[in-house]
1. Would you please state which residues of region 275-304 a label at I250 would reach in this model, taking the label point 7 Å out along Cα→Cβ and a backbone N cut-off of under 19 Å?
2. Within 10 Å, count the other beta carbons around each residue, average over each peptide in 349-356, 463-470, and list them highest first.
3. Using just the Cα positions, wrap region 382-515 in a convex hull and report its mean projected area in square nanometres, one decimal place.
4. If you wrap region 218-293's Cα atoms in a convex hull and average its projection over all directions, what's the area in nm²?
5. If r is the Cβ-Cβ distance from Y544 to L273 and R0 is 25 Å, what FRET efficiency results, to the nearest 0.05?
6. Using Stokes-Einstein with the Kirkwood hydrodynamic radius over Cα pairs, what translational diffusion coefficient do you get for region 321-465 at 20 °C and a viscosity of 1.002 mPa s, in µm²/s rounded to a whole number?
7. Of L481, G383, L494, which is farthest on the positive side of the dipole of region 381-510, counting Cα position, with +1 on Lys and Arg Cβ, -1 on Asp and Glu Cβ, and the Cα centre as origin?
8. Could you order the peptides 359-367, 508-516 from most to least packed, using the average number of other C-beta atoms within 10 Å per residue?
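Each value in this text was obtained by applying a stated rule to the coordinates, not by laboratory testing. Not measured: the values here are computed from a predicted model. Note that we place each Cβ from the backbone using ideal geometry, even for glycine, and neighbour counts take in every protein chain shown.
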Amino acid sequence: IEPSTPSLRDFINCLDQQSLPRVLQICSGVYFQGSIYELSGSEVCLSTGDLVKIIGLELLSVSCEEIDTGASFELPTGYLGEPLNNNKDLPYSTIEEIVGLCPAEVDACSSLTFISQNDLIIDNFTLPAGKQLTLLSVEVAKNGKRLARCQVVEQNMASAEILLPLSLRGEFYECQGDRGYTLQEIMSSSRLSCRRFRNTNENSGSLLVFSPLYEISAIMHMRKNVVKFPSSLEVDVQDVTGEFQDLVFITPLSMTEVVSQPTESFPTMAEILDGPEGNQFFNCSWFQELQRGRHLVLHSFGTTTMILASTPKGRKGKQYFIISESYGGRMRRRAREFESVYELYLASSQSPGLKVSVTRHCEAVEEEGMPALSVGDQLEVLGKALMDGLKDSSGAAQKVECLICKQTTEVDEEDEEDEEDSKEISLPLFMAGHFVEKLSDNKKYKLADLVRNSLPIDIKVVTRDKELEKDPLMGLPALKLEETFTETTVLTSLPNKPDQCFELPVRWLQMSLCFISDHLPWSSNESPELHVERVTEVTEKFYYEYHKLTSKIEEPPPRPPKRKPSSSEVPKKPSKSESKSPNFRSAVTKHLDNLSSKNMIIILFKIQKTCFVK
């Protein structure tokens, strides 16, 4: 005999919610073979053969139909209209069905009165037909049988109590009285919801039948959240709870969801469901292992302090790394180079007392407040201040941000030893220049010691991390430690090398996996000693995406506009007649006499060049 396959709606309407959860198998219907439907923002996919574990029901609305007219309308779940009377013409076949007329929300059962159409024989006692019985309570006998305690009222108003087995069969009718049922009471009873009713104020009105609409909460394979869909979906289902009582549904987890699991869940085995395809952030060996279907050992999760580092551009281009703060190599500081006063200002704000040497001559531009600098000059940054700059058209001086420095210049005098000349100068932040940092030590540092100071810092690794099989930082000509940041990571290894671990940065890996019940690749009494990969090479895309997410781009202040000369200072272009006059020629000659020899040479060179071209 083939098992019955009712529609989803019929199954849910007759389902006792106390029996949840129930496992259903999709058999056939409109929603099958991979059909996908968007229902109230929740995507539902029901295919033939799918298993669905129902864990909850929520009443959405009730469809009410008039039997005589066929008209139907929706009633909200909070409907507070007139009470409804049960149709007395429809019989009940057992005492249990009559007891089912009392919803769970009803505290007292004394308002339920019914009669039997036939004589009832209980043991050696016969209850005549037509006697009114009032339900008092439901009890459980010593032998486990459930009994209904009822009150029988005689004609002389005398009363007696009798116990009726719930399994007692017969033809029972509810007595029509003042008792009415609210919509909530009807829907809370699977037996009441299948009955027909009339409005208490319109006993001669049309019969009403109710069809509830539920929102089903269920668990499905490969769905990370509880699936919700209405009971009105036109699919046929089969109850297979007995066969799949212990079925474990696979729940995909994102990396963020992995680290939200309780710590007691680790270590554990996991399987990759969807790898980080298209990810262009990592350029390391462990990233190639993150393929679909691959098993991983997840040891734990936590927060790791990392340092973003980069190399100077070379033949292989720039390289980028994220380095764990626990990196065990040793390194020496390298002098930083700066190409503007603004870069000096940024570095000095993080390293007070910064000292640099000038590596290229810089001519003075007095009108813009830029002093002359010579190769070898020593500068010590003292602070920043607002200084008077160019004057605007109204004659007021513009304020310019300047870096105040102590300039030390060696003075070479005849017949005397070299002396040093020191003075304070102000360098506008917009001023270009070439400087190199002065370092006073040649000490080997740990990474943790360096990052306690301000970053960025230029370094060179001189001693490799001995716990790493291959240290990618060893042999690099230079490395800039740019900034520190913290990442939530999952400590992971491959099953064939459970002691060789690497850290998966959660926010940079878009992948899904699931926990599996495979045994851990070591004996229960001997956990392996873990060795963690402390250096991860990342791509240029990671470097710029990181700065896009975390950094604020600071532009140097613009060069102030040059002062516009007044109309009286602007020389008028002479006419042809004026240029030929002796007075004009004498004025030109006088102007040339005022020019310096250097400017004269430049003018003569331009004139010769122009003549040569022509």
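1. It comes to 275-277, 290-298, nothing else.
2. Per-residue mean Cβ counts within 10 Å order the peptides as 349-356, 463-470.
3. 17.7 nm²
4. That works out to 8.4 nm².
5. That pair, Y544 with L273, gives E of 0.25.
6. Reported coefficient: 123 µm²/s.
7. Final value for the positive-end residue is L494.
8. Highest-to-lowest ranking by the protection proxy: 508-516, 359-367.
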